Amino acid sequence: MARRTVVLNNRGGVGKSDVTLRLGAALAKRGRRVGLLDFDPQGNLSRRAGWIYDESQPQVTVSEAVQADRVGALAQVWTPVAWNVEYASRMKLAPAWLELENRYAEAGLAGAHLRLAKAMQGADDDLDHVLIDCPPSLFHLTQMAMAAGDGVLLVTRAEMDSVLGAKRCRNFIFDKRAALHADDLGIDGVVVNDYEQGKPRQRAQLASVRRIFGDLVWDPLIARREVIANAANDYVPLEAATGSQLTQAVAGFELLADTYEKRISA
Ligand SMILES: Nc1ncnc2c1ncn2[C@@H]1O[C@H](COP(=O)(O)OP(=O)(O)OP(=O)(O)O)[C@@H](O)[C@H]1O
Ligand SMILES: [Mg+2]
(Lines give C-alpha, C1' and ligand atoms only; values in the text may rest on other atoms or scores of the structure.)
(Ligands and ions follow the chains in the order given, each with its own letter.)
Protein backbone atom coordinates (compact mmCIF):
# COMPACT_ATOMS: atom_id res chain seq x y z
CA MET A 1 0.00 0.00 0.00
CA ALA A 2 1.24 3.47 -0.83
CA ARG A 3 2.06 6.10 1.75
CA ARG A 4 -0.56 8.81 1.26
CA THR A 5 0.33 12.41 1.98
CA VAL A 6 -2.25 15.18 1.95
CA VAL A 7 -0.82 18.52 0.77
CA LEU A 8 -2.66 21.36 2.43
CA ASN A 9 -3.11 25.00 3.29
CA ASN A 10 -6.35 26.85 3.86
CA ARG A 11 -4.75 29.83 2.08
CA GLY A 12 -4.76 29.79 -1.72
CA GLY A 13 -1.80 30.32 -4.00
CA VAL A 14 0.95 29.23 -1.63
CA GLY A 15 2.33 26.59 -4.00
CA LYS A 16 0.52 23.41 -2.91
CA SER A 17 0.09 22.20 -6.48
CA ASP A 18 3.65 23.04 -7.56
CA VAL A 19 5.18 21.44 -4.45
CA THR A 20 2.99 18.33 -4.97
CA LEU A 21 4.07 18.01 -8.59
CA ARG A 22 7.79 18.73 -8.16
CA LEU A 23 8.13 16.69 -4.96
CA GLY A 24 6.39 13.79 -6.74
CA ALA A 25 8.75 14.13 -9.70
CA ALA A 26 11.79 14.20 -7.41
CA LEU A 27 10.59 11.04 -5.64
CA ALA A 28 10.13 9.33 -9.03
CA LYS A 29 13.70 10.32 -9.89
CA ARG A 30 14.81 8.44 -6.78
CA GLY A 31 13.16 5.34 -8.22
CA ARG A 32 9.88 5.54 -6.32
CA ARG A 33 6.51 4.84 -7.93
CA VAL A 34 4.45 7.95 -7.37
CA GLY A 35 0.74 8.70 -7.69
CA LEU A 36 -0.31 12.34 -8.02
CA LEU A 37 -3.92 12.67 -6.97
CA ASP A 38 -5.56 15.95 -7.95
CA PHE A 39 -8.34 16.68 -5.48
CA ASP A 40 -8.90 20.30 -6.47
CA PRO A 41 -11.66 21.13 -8.99
CA GLN A 42 -9.35 23.81 -10.41
CA GLY A 43 -7.38 20.91 -11.90
CA ASN A 44 -4.09 22.84 -11.80
CA LEU A 45 -2.01 19.82 -10.84
CA SER A 46 -3.53 17.82 -13.71
CA ARG A 47 -2.88 20.53 -16.28
CA ARG A 48 0.67 21.10 -15.08
CA ALA A 49 1.32 17.36 -15.39
CA GLY A 50 0.27 17.65 -19.03
CA TRP A 51 -3.32 16.38 -18.78
CA ILE A 52 -6.17 18.05 -20.65
CA TYR A 53 -9.86 17.27 -20.24
CA ASP A 54 -11.24 16.49 -23.68
CA GLU A 55 -15.03 16.96 -23.74
CA SER A 56 -15.32 14.98 -26.97
CA GLN A 57 -13.75 11.94 -25.29
CA PRO A 58 -14.93 12.01 -21.67
CA GLN A 59 -12.40 10.55 -19.28
CA VAL A 60 -12.96 9.01 -15.89
CA THR A 61 -11.54 11.32 -13.23
CA VAL A 62 -11.36 11.33 -9.43
CA SER A 63 -14.82 12.89 -9.41
CA GLU A 64 -16.48 9.78 -10.85
CA ALA A 65 -14.42 7.52 -8.60
CA VAL A 66 -15.67 9.39 -5.53
CA GLN A 67 -19.24 9.52 -6.79
CA ALA A 68 -19.22 5.76 -7.40
CA ASP A 69 -18.70 5.21 -3.65
CA ARG A 70 -17.18 1.84 -4.45
CA VAL A 71 -14.06 0.10 -3.10
CA GLY A 72 -11.13 0.48 -5.49
CA ALA A 73 -12.94 2.79 -7.95
CA LEU A 74 -9.79 4.90 -8.32
CA ALA A 75 -8.02 2.05 -10.10
CA GLN A 76 -9.76 3.07 -13.34
CA VAL A 77 -8.67 6.69 -13.02
CA TRP A 78 -4.87 6.54 -13.02
CA THR A 79 -3.39 7.82 -16.25
CA PRO A 80 0.28 8.05 -17.28
CA VAL A 81 2.17 11.33 -16.98
CA ALA A 82 3.09 11.92 -20.61
CA TRP A 83 6.31 13.83 -20.01
CA ASN A 84 9.31 13.05 -22.13
CA VAL A 85 11.64 12.18 -19.23
CA GLU A 86 12.69 8.73 -17.99
CA TYR A 87 11.35 9.14 -14.48
CA ALA A 88 7.82 9.94 -15.70
CA SER A 89 7.39 6.22 -16.33
CA ARG A 90 7.15 5.86 -12.53
CA MET A 91 4.51 8.61 -12.19
CA LYS A 92 0.75 8.27 -12.51
CA LEU A 93 -1.91 10.96 -12.32
CA ALA A 94 -5.46 10.75 -11.01
CA PRO A 95 -6.80 13.87 -12.74
CA ALA A 96 -9.54 16.29 -11.76
CA TRP A 97 -11.41 19.11 -13.41
CA LEU A 98 -14.39 21.36 -12.65
CA GLU A 99 -16.75 18.39 -12.40
CA LEU A 100 -15.25 17.63 -8.98
CA GLU A 101 -17.13 20.67 -7.59
CA ASN A 102 -20.32 18.59 -7.82
CA ARG A 103 -19.13 16.30 -5.07
CA TYR A 104 -19.53 19.12 -2.52
CA ALA A 105 -23.32 18.92 -2.84
CA GLU A 106 -23.18 15.34 -1.54
CA ALA A 107 -21.39 16.22 1.69
CA GLY A 108 -24.48 15.47 3.76
CA LEU A 109 -24.88 11.88 2.57
CA ALA A 110 -24.14 9.29 5.23
CA GLY A 111 -20.44 8.36 5.17
CA ALA A 112 -19.72 10.80 2.33
CA HIS A 113 -16.38 11.86 3.84
CA LEU A 114 -15.09 8.27 3.51
CA ARG A 115 -15.66 8.03 -0.24
CA LEU A 116 -12.10 8.85 -1.30
CA ALA A 117 -10.63 6.35 1.18
CA LYS A 118 -13.01 3.75 -0.23
CA ALA A 119 -12.12 4.59 -3.84
CA MET A 120 -8.39 4.34 -3.04
CA GLN A 121 -8.64 1.02 -1.23
CA GLY A 122 -6.57 -1.45 -3.24
CA ALA A 123 -6.11 1.13 -6.01
CA ASP A 124 -2.66 2.33 -4.90
CA ASP A 125 -1.08 -0.95 -3.89
CA ASP A 126 1.46 -0.79 -6.72
CA LEU A 127 2.70 2.67 -5.68
CA ASP A 128 5.18 3.80 -3.03
CA HIS A 129 3.79 7.29 -2.51
CA VAL A 130 0.55 9.08 -3.29
CA LEU A 131 0.50 12.86 -2.93
CA ILE A 132 -2.98 14.38 -2.68
CA ASP A 133 -3.28 18.02 -3.78
CA CYS A 134 -6.15 19.75 -1.98
CA PRO A 135 -8.12 22.92 -2.72
CA PRO A 136 -7.53 25.93 -0.42
CA SER A 137 -10.47 24.94 1.74
CA LEU A 138 -11.17 22.81 4.79
CA PHE A 139 -14.56 21.67 3.58
CA HIS A 140 -15.74 18.36 2.17
CA LEU A 141 -13.08 17.54 -0.43
CA THR A 142 -10.27 18.24 2.00
CA GLN A 143 -12.06 16.28 4.71
CA MET A 144 -12.30 13.29 2.35
CA ALA A 145 -8.56 13.61 1.69
CA MET A 146 -7.86 13.70 5.44
CA ALA A 147 -9.93 10.57 5.97
CA ALA A 148 -7.92 8.82 3.22
CA GLY A 149 -4.46 10.11 4.17
CA ASP A 150 -1.62 8.86 6.35
CA GLY A 151 -0.13 12.29 7.04
CA VAL A 152 -0.36 15.97 6.14
CA LEU A 153 2.26 18.18 4.55
CA LEU A 154 1.54 21.87 5.04
CA VAL A 155 2.86 24.27 2.42
CA THR A 156 3.16 27.94 3.30
CA ARG A 157 4.75 31.13 2.12
CA ALA A 158 6.64 33.33 4.58
CA GLU A 159 3.68 35.67 4.70
CA MET A 160 1.06 36.31 7.38
CA ASP A 161 -2.11 35.01 5.71
CA SER A 162 -0.42 31.78 4.59
CA VAL A 163 1.03 31.14 8.01
CA LEU A 164 -2.38 31.71 9.59
CA GLY A 165 -3.91 29.38 6.97
CA ALA A 166 -1.40 26.67 7.90
CA LYS A 167 -2.16 27.18 11.58
CA ARG A 168 -5.89 26.84 10.92
CA CYS A 169 -5.21 23.54 9.14
CA ARG A 170 -3.22 22.25 12.11
CA ASN A 171 -5.96 23.19 14.57
CA PHE A 172 -8.66 21.77 12.32
CA ILE A 173 -6.84 18.43 12.07
CA PHE A 174 -6.44 18.13 15.82
CA ASP A 175 -10.05 19.16 16.48
CA LYS A 176 -11.75 17.09 13.79
CA ARG A 177 -9.62 14.07 13.01
CA ALA A 178 -11.57 11.75 15.31
CA ALA A 179 -14.86 12.81 13.72
CA LEU A 180 -13.32 12.17 10.30
CA HIS A 181 -12.23 8.64 11.29
CA ALA A 182 -8.64 9.80 10.87
CA ASP A 183 -7.53 9.45 14.51
CA ASP A 184 -3.87 8.86 13.65
CA LEU A 185 -3.58 11.68 11.14
CA GLY A 186 -0.71 13.99 12.04
CA ILE A 187 1.36 16.70 10.45
CA ASP A 188 4.52 15.40 8.81
CA GLY A 189 6.00 18.77 8.13
CA VAL A 190 5.79 22.32 6.86
CA VAL A 191 7.38 23.36 3.57
CA VAL A 192 8.15 27.06 3.25
CA ASN A 193 7.77 27.82 -0.46
CA ASP A 194 8.28 30.84 -2.69
CA TYR A 195 10.86 32.22 -0.27
CA GLU A 196 12.60 35.46 -1.24
CA GLN A 197 16.15 35.58 0.09
CA GLY A 198 17.46 38.81 1.52
CA LYS A 199 14.10 40.43 2.29
CA PRO A 200 13.86 41.41 5.97
CA ARG A 201 10.10 40.92 6.09
CA GLN A 202 10.42 37.39 4.69
CA ARG A 203 13.10 36.63 7.26
CA ALA A 204 10.85 37.87 10.05
CA GLN A 205 7.92 35.78 8.80
CA LEU A 206 10.14 32.74 8.48
CA ALA A 207 11.12 33.19 12.12
CA SER A 208 7.44 33.20 13.08
CA VAL A 209 6.82 30.01 11.03
CA ARG A 210 9.64 28.38 13.00
CA ARG A 211 8.25 29.70 16.28
CA ILE A 212 4.81 28.25 15.53
CA PHE A 213 5.79 24.94 13.95
CA GLY A 214 9.24 24.30 15.49
CA ASP A 215 10.93 21.13 14.26
CA LEU A 216 8.13 20.46 11.80
CA VAL A 217 9.59 23.06 9.42
CA TRP A 218 11.52 21.17 6.78
CA ASP A 219 14.79 21.96 5.11
CA PRO A 220 15.25 23.07 2.44
CA LEU A 221 13.13 26.16 1.96
CA ILE A 222 11.94 26.38 -1.64
CA ALA A 223 13.06 29.70 -3.09
CA ARG A 224 10.99 31.87 -5.42
CA ARG A 225 12.32 31.11 -8.89
CA GLU A 226 10.85 32.11 -12.20
CA VAL A 227 11.76 28.75 -13.69
CA ILE A 228 9.33 27.03 -11.27
CA ALA A 229 6.43 29.21 -12.42
CA ASN A 230 7.46 28.77 -16.07
CA ALA A 231 7.44 24.98 -15.78
CA ALA A 232 3.91 25.15 -14.34
CA ASN A 233 2.72 27.48 -17.08
CA ASP A 234 4.18 25.36 -19.86
CA TYR A 235 3.14 22.04 -18.21
CA VAL A 236 6.61 20.59 -18.60
CA PRO A 237 9.01 18.79 -16.27
CA LEU A 238 11.15 21.26 -14.33
CA GLU A 239 14.24 20.08 -16.28
CA ALA A 240 12.57 21.23 -19.52
CA ALA A 241 11.57 24.68 -18.26
CA THR A 242 13.02 27.94 -19.46
CA GLY A 243 14.57 30.44 -17.08
CA SER A 244 17.64 30.98 -14.96
CA GLN A 245 18.62 29.04 -11.83
CA LEU A 246 17.23 25.79 -13.18
CA THR A 247 19.97 23.73 -11.53
CA GLN A 248 19.26 25.28 -8.14
CA ALA A 249 15.51 24.75 -8.53
CA VAL A 250 15.94 21.08 -9.47
CA ALA A 251 18.39 20.54 -6.61
CA GLY A 252 15.96 22.16 -4.15
CA PHE A 253 13.22 19.62 -4.91
CA GLU A 254 15.71 16.72 -4.88
CA LEU A 255 16.73 17.76 -1.38
CA LEU A 256 13.08 18.10 -0.41
CA ALA A 257 12.41 14.53 -1.59
CA ASP A 258 15.30 13.37 0.57
CA THR A 259 13.86 15.18 3.60
CA TYR A 260 10.39 13.82 2.81
CA GLU A 261 11.53 10.22 2.86
CA LYS A 262 13.56 10.69 6.04
CA ARG A 263 10.75 12.46 7.86
CA ILE A 264 7.88 10.16 6.95
CA SER A 265 9.82 7.09 7.97
CA ALA A 266 10.97 8.66 11.26
N1 LIG B 1 8.78 28.54 -5.58
C2 LIG B 1 8.09 29.19 -6.53
N3 LIG B 1 8.71 30.10 -7.32
C4 LIG B 1 8.02 30.76 -8.28
N5 LIG B 1 6.72 30.59 -8.54
C6 LIG B 1 6.05 29.69 -7.78
C7 LIG B 1 6.69 28.96 -6.75
N8 LIG B 1 5.77 28.15 -6.17
C9 LIG B 1 4.60 28.37 -6.82
N10 LIG B 1 4.76 29.30 -7.78
C11 LIG B 1 3.73 29.84 -8.69
O12 LIG B 1 2.79 30.54 -7.88
C13 LIG B 1 1.47 30.33 -8.35
C14 LIG B 1 0.64 29.66 -7.26
O15 LIG B 1 1.16 28.34 -7.02
P16 LIG B 1 0.19 27.06 -6.94
O17 LIG B 1 -0.89 27.16 -7.95
O18 LIG B 1 1.06 25.86 -6.96
O19 LIG B 1 -0.42 27.33 -5.51
P20 LIG B 1 -1.62 26.57 -4.81
O21 LIG B 1 -1.40 26.70 -3.34
O22 LIG B 1 -1.75 25.20 -5.35
O23 LIG B 1 -2.87 27.45 -5.26
P24 LIG B 1 -4.44 27.10 -5.05
O25 LIG B 1 -4.72 27.43 -3.62
O26 LIG B 1 -5.13 27.99 -6.01
O27 LIG B 1 -4.60 25.64 -5.35
C28 LIG B 1 1.61 29.46 -9.60
O29 LIG B 1 1.68 30.30 -10.72
C30 LIG B 1 2.93 28.76 -9.37
O31 LIG B 1 3.55 28.29 -10.55
MG1 LIG C 1 -3.41 24.28 -6.16
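The values are calculated or read from the model by the stated rules, or taken from the named source; none is laboratory data. Computed from a prediction, not measured in an experiment: that's the story for all the values here. Positions of Cβ are generated from backbone atoms using ideal geometry, with glycine treated the same way; all protein chains shown enter the neighbour counts. Remember, those area values only see protein heavy atoms, side chains included, never the ligands or the DNA or RNA. Shrake-Rupley method; radii C 1.70, N 1.55, O 1.52, S 1.80 Å.
Taking the inverse of the mean 1/r over every pair of distinct Cα atoms in the chain gives a Kirkwood hydrodynamic radius of 18.4 Å. Other residues within the sphere of radius under 11 Å centred on the Cβ of residue 1, judged by their own Cβ, net out at -3 (K and R +1, D and E -1). Of the accessible area of the chain, computed with a 1.4 Å probe over protein heavy atoms only, carbon and sulfur atoms account for 49 percent. Any idea what log10 I(q)/I(0) is at q = 0.16, 0.17, 0.23 Å⁻¹ for segment 227-266, Debye with uniform C-alpha scatterers and no solvent? Log10 I(q)/I(0), no solvent term: -0.45, -0.49, -0.69. Taken over segment 3-265, lysine pairs spaced eight or more positions apart, or on distinct chains, with alpha carbons under 26 Å apart number 15. Seen through its C-alpha gyration tensor, with square-root eigenvalues sorted a ≥ b ≥ c, segment 3-97 comes out rounded because a/c lies under 1.5.
Beta bridges assigned by DSSP with both partners in segment 3-265 are antiparallel in approximately 5 percent of cases. Each peptide in 98-109, 44-55 was scored by the mean count of other Cβ atoms within 10 Å over its residues; highest first, the order is 44-55, 98-109.
If you build the Cα gyration tensor of segment 55-170 and take the root of 5 times each eigenvalue, what three semi-axes come out, in whole angstrom, biggest first? Walk me through the intermediate numbers first.
Values: eigenvalues 113, 83, 42 Å².
Ellipsoid half-lengths, sorted descending, are 24, 20, 14 Å.
Ranking 146, 217, 189 by Cα position along the charge dipole of segment 138-217, where only Lys, Arg, Asp and Glu carry charges on their C-beta atoms, puts 217 farthest toward the positive end. Dipole magnitude for the chain: about 820 debye, using +1 per Lys or Arg Cβ and -1 per Asp or Glu Cβ, origin at the Cα centre.
Would you mind working out the accessible area per residue for the chain, using a 1.4 Å probe, and quoting it in Å²? Could the numbers behind the result be given before it?
Details: 11320 Å² over 266 residues.
Normalised by residue count, the accessible surface of the chain is 43 Å².
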